Structure formats: structure tokens, C-alpha cells
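Beneath this line is the structure, given in C-alpha cells, with notes to follow.
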Amino acid sequence: MDKYSFLNSAHTAYFAELYDQYLQNPDTVEPSWRAFFQGFDFGLENGAWPAEVAKVEVPESVKKEFQVVKLIEGYRTRGHLFTKTNPVRNRRSYSPNLDVENFGLSQEDLTTIFNAGSIVGIGPSTLST
């Protein structure tokens, strides 16, 4: 088991609220959280995230690759809802919306070659393939 697997069930909005509370009045936050946030702030101030890293602009092509990965994951998790897997009775009517536009892609992206196809073993490919 991954030693960070507990983070998958973390309630990030709660952490954000705690951090905001800490920024407003550190004494209102439980001491262990206060120590955590002090360490977090120390890391930010002392080079954990250099200003050069914070200012780096991610190229549009890289953003699109990640959007294609999300599209692939969408089909992996919800694509079975389009299939007829039970020959005895019809499946309830599901309509998962896996349109490319819902993943930040456009119809023009259908002909672009993406490297994200390597995830599923097909190598660089277009979305229309």
C-alpha cells in the first residue's frame, strides 16, 4: 500500500479553510496544524517554490495532452455505460457526457496527434483514430 494513499480521501476544502483561518489568526488553529502551516510558509519563503518556477507558463500543447489523458480516463471509468453487456435485458438508459468539449478540447483537436495514446498502448495518435 502506498504510504500516501490516505491523501486520496483528503478533504482539501477543509485544509484550505484551516489555512485561511491560520493566516487570519494563527492562535485559533490547533497547535499541530499551526506547526504544519508554519513549516509550509517557511518552505514557501525559503525556496521550496522559487519565483522562477511559479512564473513558468505551461505550453498549450502540454495542457492539451493532460486534457486528452482526462478524456481517456473518462472513457475508462464511464465508457462501459455505452455498451450492451447483458444479452438478457436492456441496460437502463445512461448518457454519460464524454464529449471532447467537456474536457477542454475542440473538434479541431480531433486531428491533432497526441502522445497521450501511449497510456493505452497505441502510441502517438489522433483522437479521431
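Quick note: the coordinates plus some simple rules give every number you see, no bench work behind them. As the structure is a prediction and not an experimental result, all values here were calculated from the model. So basically every Cβ, Gly included, is an ideal-geometry build from the backbone, and we count neighbours across all protein chains shown.
Quick notes on this structure:
- Site pair TYR14 and THR85 shows an inter-label distance of 3.2 nm when each label is modelled 7 Å from Cα along Cα→Cβ.
- Relative contact order (%) - the stretch 60-126, alpha-carbon pairs under 8 angstrom, separation at least six: 31 percent
- Karplus-based coupling profile of the stretch 96-106, in residue order and whole Hz: x, 8, 10, 5, 4, 5, 6, 10, x, 10, 10, with θ = phi - 60° in 6.51 cos²θ - 1.76 cosθ + 1.60 and x standing for Gly or Pro.
- For the stretch 20-36, backbone phi angles converted through the Karplus equation (6.51, -1.76, 1.60; θ = phi - 60°) give residue-by-residue couplings of 4, 4, 4, 5, 6, 7, x, 6, 8, 9, 3, x, 5, 5, 4, 5, 4 Hz, Gly and Pro being listed as x.
- Among GLU65, GLU30, sorting on how many other beta-carbon atoms sit within 10 Å of each Cβ, with the fewest leading, yields GLU30, GLU65.
- Charge dipole of the stretch 60-126 about the Cα centre (unit charges at C-beta), most positive-ward option of LEU105, GLY74, GLY117: GLY74
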